[in-house]
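Please treat every number below as a calculation from the coordinates, not as lab data. Computed from a predicted model, the values in this text were never measured in an experiment. All Cβ positions, even for glycine, are placed from backbone atoms using ideal geometry, and neighbour counts span all protein chains on display.
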Amino acid sequence: MPATPWQSEFKRLWSELVPPFGQAKTVQGELIRAIGRLSEEAYQNHNANFDQDHAILCQFLRDNLKDPTVFSAEEIQHIDEWIDRILDSKRPDTSGPGTCFSHLAEKVVRWCESKKKLLPHDLDASLNR
């Protein structure tokens with residue numbers, strides 16, 4: 001199945017903004033890294049290692065994606081619902097392309113596309129993943 005435009009853009013952003021180890025230096029990169037790490041944990045480990053660090057990544061997504069300059073009130077409501085679904089870590093939804101992970105990844109790409117100027121990200125000392 002060929003990649004959709006947002007999936008191709010996600011891969012490009014990952015390669016340009018996400019370091020091999022540790023947190024990204026930009027908000028855009030950290031958003032890409034956050035949803036990528038959360039998706040990886042769900043799909044590869046069925047959330048067996050889901051911990052406080054994953055909750056921190058969810059909060060980072062929530063704090064930054066709920067942006068009314070980018071998303072409508074309805075979209076922001078969906079963002080909250082999808083993050084809540086990820087936080088229900090005992091039952092990760094890895095059923096296919098319509099999961100909360102893919103929806104959020106698409107929203108992250110859209111947010112990044114709307115914020116062309118890279119925004120500095122203050123590293124979170126409590127985050128170990």
Read-out Cα extents along the principal axes in Å, derived from the coordinates shown; its label in (1) 46, 33, 27; (2) 37, 33, 31; (3) 83, 40, 22: (2)
Within-15-Å neighbourhood charge of Ser95 [Cβ basis; K, R +1; D, E -1]: 0
Relative contact order of region 1-123, pairs being alpha-carbon contacts under 8 Å that are 6 or more residues apart, as %: 35 percent
Within region 24-114: Cβ-based charge dipole about Cα centre, in debye rounded to nearest 20 (Lys, Arg +1; Asp, Glu -1): 160 debye
Long-range HN-HN contacts of Asp93 with modeled amide H, under 5 Å: none
Interchain or long-range residues, amide H under 5 Å from Thr26's placed H: His121
Added length on full extension, which subtracts the Cα-Cα distance from 0.36 nm per residue, Ala55 to Lys117: 19.6 nm
Residue-wise HN-Hα coupling along region 39-47, computed from phi with Karplus coefficients 6.51, -1.76, 1.60 (Hz; x: Gly, Pro): 5, 4, 4, 5, 6, 8, 10, 6, 6
Theoretical ellipticity at 222 nm over the chain - DSSP helices of four or more residues, -39500 (n - 2.57) apiece, nearest 500: -19500 deg cm²/dmol
